[in-house]
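Before any comments, here is the structure.
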Amino acid sequence: MISSEDFFERVRGMVIYSWEIFSKKVGSGLIKINKEASMQLKYSYILQQFIPIVIFDEGEKVEVELESTCFLNGKYREVDILIKATNSELVTYTIAIELKCYKEFASSGRPRGAHDIFMKDVYFDLYLLEEYCNHNIADLGISLVMSNYRTSVNPINRSAKCWVYDISDGTTVTAGTNFCTPIGGYDIDFTLNKNYTFSWSSYGDYWFTKLIGN
């Protein structure tokens with residue numbers, strides 16, 4: 001994929017391969033992640049290193065924007081990472097990436113809590129990515145999620161209402177599923193119109209997954 005004749009296929013490959021490298025470096029301890037902001041910076045740095053590698057023509061161009069602002073459904077939103085790839089024929093292909101990171105303990109050493117909100121936010125990111133594509137803000141949406149909290153991946157039980165937003169390994173989401181279970185005291189109502197599968201990979205003390213709807 002990363003050496004494809006198709007430029008946009010190479011860019012998609014760059015995103016996926018950079019995630020694999022990021023995951024293994026975090027798992028080995030070579031990259032330290034404290035929260036989502038550092039995840040964004042470290043992952044985008046790896047992306048930047050790959051840009052010269054995937055460009056095979058002097059007319060090709062790739063830009064990586066962090067916290068790119070867009071207007072969506074009456075609100076301003078910030079896309080965590082927006083990749084704009086323009087080929088030699090001046091056709092632009094855009095990939096929107098949303099990132100989520102949950103660590104079991106805060107920097108203070110205390111349990112972080114709010115895992116239910118994290119789970120819901122993972123699902124809401126998928127909704128936002130679909131909306132970015134529906135409103136021509138992006139051509140492809142990718143969610144990248146990491147956690148060192150075992151319950152995220154292998155829960156002992158799913159009795160709490162937050163497990164409507166099940167992110168555990170092997171969970172599948174069918175297109176057309178509506179989510180309206182309130183979390184954190186806020187009303188929720190959105191529908192996912194693509195299919196998703198949560199497939200986590202383990203490196204060191206962390207688990208990592210990427211979600212691309214189909």
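All conditions in (1) crowded, with 19+ Cβ neighbours inside 10 Å; (2) part of a loop (DSSP other than H, G, I, E, B) hold for Ser88, with the sole exception of (1).
Condition check ((1) loosely packed, with under 15 Cβ neighbours inside 10 Å; (2) part of a loop (DSSP other than H, G, I, E, B); (3) free of Cβ contacts under 8 Å to residues at least 12 places away in the same chain) across all residues:
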{"position": "Ser3", "(1), (2), (3)": "yes, yes, yes"}
{"position": "Val26", "(1), (2), (3)": "no, no, no"}
{"position": "Lys32", "(1), (2), (3)": "yes, yes, yes"}
{"position": "Met39", "(1), (2), (3)": "no, no, no"}
{"position": "Tyr43", "(1), (2), (3)": "no, no, no"}
{"position": "Phe71", "(1), (2), (3)": "yes, no, yes"}
{"position": "Ile81", "(1), (2), (3)": "no, no, no"}
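Applying the criterion of being open to solvent by less than 50 Å² (accessible area, probe 1.4 Å), without any contact (Cβ under 8 Å) to a residue 60 or more places away in the chain and not polar (S, T, N, Q) to the residues of segment 10-21, the residue that is nearest to Tyr93 (Cα to Cα) is Arg10.
The combined condition, being charged (D, E, K, R) and either in contact (Cβ under 8 Å) with a residue 24 or more places away in the chain or buried (at least 16 other Cβ atoms within 10 Å of the Cβ) (or both), is not fulfilled by Lys75.
The values are calculated or read from the model by the stated rules, or taken from the named source; none is laboratory data. Here the structure is a predicted model, which means the values were calculated and not measured. A quick note on method: Cβ atoms are made from the backbone with ideal geometry, for glycine too, and the neighbour counts reach across all protein chains shown. Accessible surface is based on the protein model in full, side chains and every heavy atom, while ligands, DNA and RNA are left aside. Shrake-Rupley method; radii C 1.70, N 1.55, O 1.52, S 1.80 Å.
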